[in-house]
């Protein structure tokens, strides 16, 4: 039986752990050859690649610092060489998962905190998506999937304005780019997670009980539940879904 993403090349940014790692695993299970991007955690990325390969999938690790303006170009130079150049520079699925957050009130937020969040959460997404779209155009098929946040639709607590603003931006870019690219066969969608049990936001962490109360299901989500939504949007049968922000938040924004 042919898998849904057999013969496709997928790039997942920030894939060495957490949600990104779960997405990489899932896309590999769907048949894609997966590029596991890391910023600093080379060992984790290599371990994930080994895990995927041992399970019968295809994966390679690619590293680049996406916080700098030249990072996306450096990353795509590795895309060109991936799997011994077997894909000829083509890219079929881009998952923009890498991101960062710093929480502070308006009067305490530094320029550096502002720049760090917008550079990675927005500028890098723009640069990567632009290059991916150029490579996908003319093939009649492509998937750009942005990992936003349930906080891209509201600001439920103080000290979250800048982070939320970056996710509001992802929401808007997703919709706008879907208009730009829809007629080419490339879809652009986002997945907006709520509280997900990861190292950075553990289900037993100091803010866990507060976050659980914002959901209607009373629990954190699992990285695999976000990955399932990404796999759904990457599937060939999801071609008529475009410009959507699919929220996976346990009822946070209900």
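All of the numbers you see were taken from the coordinates with simple rules; none came from a lab. None of these values were measured; they are calculated from a predicted model. A quick note on method: Cβ atoms are made from the backbone with ideal geometry, for glycine too, and the neighbour counts reach across all protein chains shown.
Yes or no, residue by residue, for (1) in contact with a helix residue (DSSP H, G or I) (Cβ under 8 Å, 6 or more places away or on another chain); (2) surrounded by fewer than 17 Cβ atoms within 10 Å (Cβ to Cβ); (3) within 20 Å of residue 76 (Cα to Cα):
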{"position": "123", "(1), (2), (3)": "no, no, yes"}
{"position": "126", "(1), (2), (3)": "yes, yes, yes"}
{"position": "147", "(1), (2), (3)": "yes, no, yes"}
{"position": "204", "(1), (2), (3)": "no, yes, no"}
{"position": "233", "(1), (2), (3)": "no, no, no"}
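Among the candidates 159, 183, 165, which residue alone is more than 30 Å from residue 109 (Cα to Cα), surrounded by fewer than 19 Cβ atoms within 10 Å (Cβ to Cβ) and either out of contact with any helix residue (DSSP H, G or I) (no Cβ under 7 Å at 6 or more places or on another chain) or free of Cβ contacts under 8 Å to residues at least 40 places away in the same chain (or both)?
Of 159, 183, 165, the one residue that is more than 30 Å from residue 109 (Cα to Cα), surrounded by fewer than 19 Cβ atoms within 10 Å (Cβ to Cβ) and either out of contact with any helix residue (DSSP H, G or I) (no Cβ under 7 Å at 6 or more places or on another chain) or free of Cβ contacts under 8 Å to residues at least 40 places away in the same chain (or both) is 183.
Please specify each residue of segment 82-102 satisfying the condition of being in contact with a strand residue (DSSP E or B) (Cβ under 9 Å, 6 or more places away or on another chain) and either exposed (fewer than 14 other Cβ atoms within 10 Å of the Cβ) or farther than 19 Å from residue 131 by Cα (or both).
If the condition is that a residue be in contact with a strand residue (DSSP E or B) (Cβ under 9 Å, 6 or more places away or on another chain) and either exposed (fewer than 14 other Cβ atoms within 10 Å of the Cβ) or farther than 19 Å from residue 131 by Cα (or both), then 83, 86 are the ones that fit.
I'd like to check something: does segment 57-67 contain any residue that is touching a residue at least 60 places away in the same chain (Cβ under 8 Å), closer than 30 Å to residue 6 by Cβ, surrounded by 18 or more Cβ atoms within 10 Å (Cβ to Cβ) and touching a strand residue (DSSP E or B) at 6+ places or on another chain (Cβ under 9 Å)?
yes
Return yes when residue 208 is more than 13 Å from the chain's Cα centre (by Cα) and without any contact (Cβ under 8 Å) to a residue 40 or more places away in the chain and no when it is not.
Here the answer is yes, as residue 208 does meet what is asked.
With under 30 Å from residue 110 (Cβ atoms) and touching a residue at least 24 places away in the same chain (Cβ under 8 Å) as the only criterion, which of 153, 224, 244 stands out?
From the options 153, 224, 244, the qualifying one is 153.
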